[in-house]
Amino acid sequence: MNKYPLSTRIIHWISALIIVSLFVSGWFMVDLDYYSSWYQTLPDLHQIFGLALLFLWLYKILRLFWIKQPKTLETLKPYEKFTATVVKLFFYVLVLVLCSTGYFMSTAGDQHALLGWLTLPSLWLFESEALDMLGNTHRYMAYTIIVLMLLHLLAALKHHFYNKDATLRRMI
């Protein structure tokens, strides 16, 4: 079996955990009120892990140019190869847009100190309408990524249990 390199597999699974954690924390965070014990901490943690995801994915994209990936399985149908390529490109774009909109919202008016020690520079000042658009884009990108992740998971399970090929085992 032609497995993905260990570093690729680690990045894959860490990314999945971070994305799910960010989705759950984002969902929970929007309903926090000022008196919640998580009101100050959770948004900062969400932003720190969002930045970690951004840097991880920038590294992941750069690695595409120098880390040899295994060949696709011969058992895959042409439409499956095409779909896998398109979904992978969507993931790259969506995650980068999601992280960028999150960063711009966090630093929209001024520098922002995360947990009192990591200061994020403000790259652009936004009007309230633009902030609303960034927030909506961020939310819809998050939902889209979660739907894609679920479809990705279902496809991997289909390959493992129905097709009985090595698609899933190559990433474990």
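Identify all residues within the range 54-89 that are of a type in the set (Lys, Arg) and over 23 Å from Phe104 (Cα atoms); write none if there are none.
Taking the range 54-89 first, the residues of a type in the set (Lys, Arg) are 60, 63, 68, 71, 77, 81, 88.
Result: Arg63, Lys68, Lys71, Lys77, Lys81, Lys88.
Report, by residue number, each residue of the range 150-166 that is in contact (Cβ under 8 Å) with a residue 24 or more places away in the chain and open to solvent by less than 40 Å² (accessible area, probe 1.4 Å).
Selection gives Asp165, Ala166.
Report, by residue number, each residue of the range 63-78 that is under 22 Å from the mean Cα position of the chain (by Cα) and open to solvent by less than 100 Å² (accessible area, probe 1.4 Å).
If the condition is that a residue be under 22 Å from the mean Cα position of the chain (by Cα) and open to solvent by less than 100 Å² (accessible area, probe 1.4 Å), then Arg63, Leu64, Ile67, Gln69 are the ones that fit.
Quick one: would you say Arg169 is over 20 Å from Leu22 (Cα atoms), open to solvent by 80 Å² or more (accessible area, probe 1.4 Å) and of a type in the set (Lys, Arg)?
yes
The values are calculated or read from the model by the stated rules, or taken from the named source; none is laboratory data. As the structure is a prediction and not an experimental result, all values here were calculated from the model. Reconstructed Cβ throughout: ideal geometry from the backbone, glycine too, with neighbour counts over all protein chains shown. Please note that ligands, DNA and RNA were not included when accessible areas were found on the heavy atoms of the full protein model with its side chains. Shrake-Rupley method; radii C 1.70, N 1.55, O 1.52, S 1.80 Å.
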